[in-house]
Amino acid sequence: MAEQAETLRRTPLSRDRILRAAVALADGAGIESLSMRNLAQELGVVPMALYKHVTNKDELLDGMIDVVVGEIDPAVPDADWKHVIRGRILSARQMLLRHPWASLAIESRNMATPAILAYLDAIVGTLRAGGFSANLAHHVMHAMGSRVLGFSQELFDTSRRAGRSGATDPEPPAAGFPPEVAARFPHLAEIATAASHDDASVVGQGCDDQFEFEFALDLLLDGLERLRQQGWTSAHRSR
């Protein structure tokens, strides 16, 4: 192992090597641990050596995003549009599960990176080849939103809920409403424990994160197939 590490340190520095080392560092210690100094130390070089390949941390993050987006499975040839898009979106989701920092990094960028643009362009291309009009494909991309990249913002994501002390509230809403809250919001209280799947879910105890994602994805895809068959266009929508 020591010899392998030494061999890696002697490998000539390149943009690809820097980006993959940065991804590994973010995977292991979190994106907040990523700095040019820490990355240089990981690579066994001085920080200034990195700037010959990436001009700043923003460019580094863009490159890291493109590296992980490149892990999304390519389209399956000769398959129907729904099968292709479902497979690619679920592959994107698996990529984000391998790299938990990536969704926030993607959201933080002011402009989409080249790999994301290529992926989105391919998704639209699949829709067009599957018989969707340009008009309907436009609205499809809006409807899919971040889900097309493998994630969605959940209403009951307890990691975003903070108590008065500023710490994350350890009790997700589905764990059981206090009686006074249940009385005020009876419908939420009713559905909170209507399903039980995965205690580690980010959408709250009692909800299976993967199941909920696929459930909503399939609803969207089935609805889009009906619109495609109807030749739907926003020019004829009711207001």
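The values are calculated or read from the model by the stated rules, or taken from the named source; none is laboratory data. Just so it is clear, the model here is predicted, and its values are computed rather than measured. Positions of Cβ are generated from backbone atoms using ideal geometry, with glycine treated the same way; all protein chains shown enter the neighbour counts. What goes into the accessible areas is simple: the full protein's heavy atoms, side chains included, and nothing from ligands, DNA or RNA. Shrake-Rupley method; radii C 1.70, N 1.55, O 1.52, S 1.80 Å.
Miscellaneous remarks
- Going through (1) within 20 Å of the chain's Cα centre (by Cα); (2) at pLDDT below 95 one by one, PRO12 falls short only on (1).
- Checking each residue in the range 123-144 for being surrounded by 16 or more Cβ atoms within 10 Å (Cβ to Cβ), in contact (Cβ under 8 Å) with a residue 24 or more places away in the chain, part of a helix (DSSP H, G or I) and not polar (S, T, N, Q) picks out ILE123, LEU127, LEU136, HIS139, VAL140, MET144.
- Residue match in the range 74-87 (condition: closer than 16 Å to SER146 by Cβ, within 12 Å of the chain's Cα centre (by Cα) and buried (at least 16 other Cβ atoms within 10 Å of the Cβ)): no
- Helices (runs of 4 or more DSSP H) enclosed by the range 1-114 - at least 1 residues per element that are farther than 30 Å from ALA143 by Cα and β-branched (Val, Ile, Thr): 2-10, 15-29
- Residue under evaluation GLN94, criteria (1) open to solvent by 50 Å² or more (accessible area, probe 1.4 Å); (2) more than 14 Å from the chain's Cα centre (by Cα); (3) modelled with pLDDT of 95 or more, criterion not met: (2)
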